[in-house]
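Read through the structure below, which is laid out as structure tokens, and then see the notes.
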Amino acid sequence: MNRFRNLPVGLRLTLGFGACGALLLAIAAFAWWVIAGMKQSVDVIVAENNRKSELAWHMRADLEAVARAVRNVIVTRDAAVQAKQREAQAAARSRFDPAHQALGELLVDDEERALHAKIGQLRGVVLPLLDEVMDQASRGMKEMASETLIEKVQGPQTEWIDAMQGLIDLQSRRTAERVEAMGRQQRLSTLALLGGMVLAVLLSVAMGAAITRTLVRQLGGEPRYARDVARRIAAGDLGEAIQLRPGDRDSLLAAMTEMQLSLRTMVSGIQQSADAVLAASAEIAQGNQDLSARTEQQAANLQRTSSAMTELTETVRHSTASARQASDLASTASGVAARGSEAVGEVVQRMNEIQASSQRVTEIIGVIDGIAFQTNILALNAAVEAARAGEQGRGFAVVASEVRSLAQRSAEAAKEIAALISDSVDRVEGGNRLVKQAGTTMAEIVQRVQEVSTLMSEITAASVQQEDGIGDIGKAVYDLDTTTQHNAALVEENAAAAGSLREQATRLAQTVGQFRLSEAALAQAEAAAPAAGMPLAASPA
């Protein structure tokens, strides 16, 4: 039974219907055999018994025809009638012999053959006597012929007819026996067929019950209930418990129960994960929005810083040009002082004033040099702060403001130097007439002017370096502004991606929300989740 239970459903149905079909085929074969036997019996009755009876009846009819012809010949005096009766007698006798011979060929048992032999023997006795009667009647001896017929012919003829009738009765009995045997066979066959049909029905019922029992056991319940359970699960209803038989662990409904529990665990975990993803995506979207706002503000600050650096660069360029012009003027003054060295004697007092002015120039140039030095330091600090400007950029604004202040001071000092040098030139022109008297002093003035020229060259070089440094800072600020713009674009893309993630998480939550879990089912799923190794909740990011 266990082997049959473990067979595939199709094979079980095939075996069940095959067994029923084989039994029905056996019943049909038995019915065919019974019908064939009955047909054979009918054929025997028709082909043998009826044929024998028919031949025996024909022989008796021929004998009676011969007897009637003999009697008619005796009782009539009409020669034509007598001739006709003789012909009838001859015809009957001619039919009798072939029938007698054919009957002999059909006989199979001793009783039939004994009667057939007796009929042949009596024929040899009766027919000569009838010939004698016919001869007497033909010669007009009617009374003698009647006496011969009564005394000699009647007894053997009656015995002859009785033998024929006995053969006919024997065939009738044989036919009745065969019919009775056919009836018994028909009754037995009917009982056998009924028994086979009952057995087929019982076997079919037993096979159907066995197959049904195994199918129900494999399904775990009625197919309609399994269908309803499958439809509920397909519709997302995971809360209703599946009814199982006690101890059922291998049926389809038991497997569907395990599937329902697994789905509960997975759906519960997905629901909580979807909620966590939704919350995290909302936080990410809000953070991206804040970051986007701060990035836009930083980009605006960098743009303002870049504009300020551009203005500072222009100011430094202007200062550098002024310093170059002052250097050129100092070189010119040095040449003029050299040419007026012969008349310097008369302008000693003025040369002293020029010396004082030169000292003043030296002090101013010292101030300019200090300012340039501080400008370099601040420019270096501005470069460092510019490298850090990716975060805030506030320190860079302070440095840039200080650089602008120092640049203004450098411009004012350069202007004052230009004014003093211009005054010195005027004084030198006034003292050219006395240059011969102040040659020694003029030589010193020339030396001082050359020193001023050297200092102005150094100021010019420092201004050029300052201009280059500020240009590098401006380029760095421009690159930083470009990077900030790119970052702002990336932040916007991240914000859009976060928004899309939030929408997808919302859709996922809505999709998972179609599954219905009862409180008991949810608690059962949460209890089964650790054993299954599945997370039921995701920590929010």
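Might you let me know whether region 301-313 holds any residue that is in contact with a Lys or Arg (Cβ under 7 Å, 6 or more places away or on another chain) and not small (Gly, Ala, Ser)? Working first, answer last.
Taking region 301-313 first, the residues in contact with a Lys or Arg (Cβ under 7 Å, 6 or more places away or on another chain) are 312.
Narrowing the set further to residues that are not small (Gly, Ala, Ser) leaves 312.
Looking for residues that are in contact with a Lys or Arg (Cβ under 7 Å, 6 or more places away or on another chain) and not small (Gly, Ala, Ser), one finds at least one in region 301-313, hence yes.
Pick from ALA67, ALA90: which is free of Cβ contacts under 8 Å to residues at least 12 places away in the same chain and among the hydrophobic types (A, V, I, L, M, F, W, C)? Working first, answer last.
Numbers: ALA67 fails: free of Cβ contacts under 8 Å to residues at least 12 places away in the same chain.
Step by step, each of ALA67, ALA90 is checked, and only ALA90 is free of Cβ contacts under 8 Å to residues at least 12 places away in the same chain and among the hydrophobic types (A, V, I, L, M, F, W, C).
Would you confirm whether or not region 50-63 contains a residue that is assigned to a helix (DSSP H, G or I), modelled with pLDDT under 70 and in the same structural domain as ALA192 (by TED's automatic domain parsing)? Lay out the reasoning, then the answer.
Initially, region 50-63 is screened for residues assigned to a helix (DSSP H, G or I), giving 50-63.
Remaining after also requiring modelled with pLDDT under 70: 50.
The next check asks that each one be in the same structural domain as ALA192 (by TED's automatic domain parsing); those that pass are 50.
So far as region 50-63 goes, yes, one or more of its residues are assigned to a helix (DSSP H, G or I), modelled with pLDDT under 70 and in the same structural domain as ALA192 (by TED's automatic domain parsing).
Quick check: anything in region 237-253 part of a helix (DSSP H, G or I), over 30 Å from ALA489 (Cα atoms) and modelled with pLDDT under 80?
The initial filter retains those residues of region 237-253 that are part of a helix (DSSP H, G or I), namely 252-253.
Those left that are additionally over 30 Å from ALA489 (Cα atoms): 252-253.
Next, from what is left, pick out any that are modelled with pLDDT under 80: 252-253.
Checked against the condition, which is being part of a helix (DSSP H, G or I), over 30 Å from ALA489 (Cα atoms) and modelled with pLDDT under 80, region 237-253 yields at least one hit.
Is it the case, given these coordinates, that GLN101 is surrounded by 14 or more Cβ atoms within 10 Å (Cβ to Cβ) and either in a helix (DSSP H, G or I) or touching a Phe, Trp or Tyr at 6+ places or on another chain (Cβ under 8 Å) (or both)? Spell out how you get there, then give the answer.
Values: surrounded by 14 or more Cβ atoms within 10 Å (Cβ to Cβ): no; either in a helix (DSSP H, G or I) or touching a Phe, Trp or Tyr at 6+ places or on another chain (Cβ under 8 Å) (or both): yes.
No: the conditions fail for GLN101.
Pairs under 6 Å by beta carbon, first residue touching a residue at least 40 places away in the same chain (Cβ under 8 Å) in region 108-125, partner outside any helix (DSSP H, G or I) and surrounded by 14 or more Cβ atoms within 10 Å (Cβ to Cβ), six or more apart or different chains?
These pairs meet every condition: HIS116/LEU107.
Is one or more of the residues making up region 214-237 in contact with a strand residue (DSSP E or B) (Cβ under 8 Å, 6 or more places away or on another chain), over 30 Å from TRP32 (Cβ atoms) and touching a residue at least 60 places away in the same chain (Cβ under 8 Å)? Step through it out loud before you land on a result.
Residues of region 214-237 that are in contact with a strand residue (DSSP E or B) (Cβ under 8 Å, 6 or more places away or on another chain), as a first pass: 236-237.
Imposing the further condition that a residue be over 30 Å from TRP32 (Cβ atoms) reduces the set to 236-237.
From the residues that got through so far, the ones that are touching a residue at least 60 places away in the same chain (Cβ under 8 Å) too are 236-237.
Within region 214-237, one or more residues are in contact with a strand residue (DSSP E or B) (Cβ under 8 Å, 6 or more places away or on another chain), over 30 Å from TRP32 (Cβ atoms) and touching a residue at least 60 places away in the same chain (Cβ under 8 Å).
Count, please, the residues in region 71-98 that happen to be loosely packed, with under 12 Cβ neighbours inside 10 Å, part of a helix (DSSP H, G or I) and of a type in the set (D, E, K, R).
1
Evaluate the following for VAL66: is it modelled with pLDDT under 75 and either farther than 23 Å from LYS152 by Cα or in a helix (DSSP H, G or I) (or both)?
Values: modelled with pLDDT under 75: no; either farther than 23 Å from LYS152 by Cα or in a helix (DSSP H, G or I) (or both): yes.
It is false that VAL66 is modelled with pLDDT under 75 and either farther than 23 Å from LYS152 by Cα or in a helix (DSSP H, G or I) (or both).
Checking the condition modelled with pLDDT of 80 or more and hydroxyl-bearing (Ser, Thr, Tyr), which residue from THR175, THR190, THR148, THR214 passes? Working first, answer last.
Details: THR175 fails: modelled with pLDDT of 80 or more; THR148 fails: modelled with pLDDT of 80 or more; THR214 fails: modelled with pLDDT of 80 or more.
It is THR190.
Of the residues in region 104-120, how many are at pLDDT below 75, among the aliphatic types (A, V, I, L, M) and surrounded by 12 or more Cβ atoms within 10 Å (Cβ to Cβ)?
2
Go over the candidates VAL216, VAL179 one by one and state the one that is under 30 Å from THR14 (Cα atoms) and surrounded by fewer than 17 Cβ atoms within 10 Å (Cβ to Cβ). Write out each step before concluding.
Numbers: VAL179 fails: under 30 Å from THR14 (Cα atoms).
Exactly one of VAL216, VAL179 is under 30 Å from THR14 (Cα atoms) and surrounded by fewer than 17 Cβ atoms within 10 Å (Cβ to Cβ), namely VAL216.
Does ALA83 count as under 19 Å from MET164 (Cβ atoms) and either modelled with pLDDT of 75 or more or hydroxyl-bearing (Ser, Thr, Tyr) (or both)? Walk me through how you get there before you give the answer.
Numbers: under 19 Å from MET164 (Cβ atoms): no; either modelled with pLDDT of 75 or more or hydroxyl-bearing (Ser, Thr, Tyr) (or both): yes.
No: the conditions fail for ALA83.
Under 8 Å by Cβ, and 6 or more places apart or on different chains, what pairs join a residue from region 238-254 that is β-branched (Val, Ile, Thr) with one that is not in a loop (DSSP other than H, G, I, E, B)?
Correct list of pairs: ILE242/VAL229; ILE242/LEU253; ILE242/MET256; ILE242/THR257; ILE242/GLN260.
The values are calculated or read from the model by the stated rules, or taken from the named source; none is laboratory data. Model, not experiment: these values are computed from the prediction. Cβ: placed from backbone, ideal geometry, glycine included. Neighbour counts: every protein chain shown.
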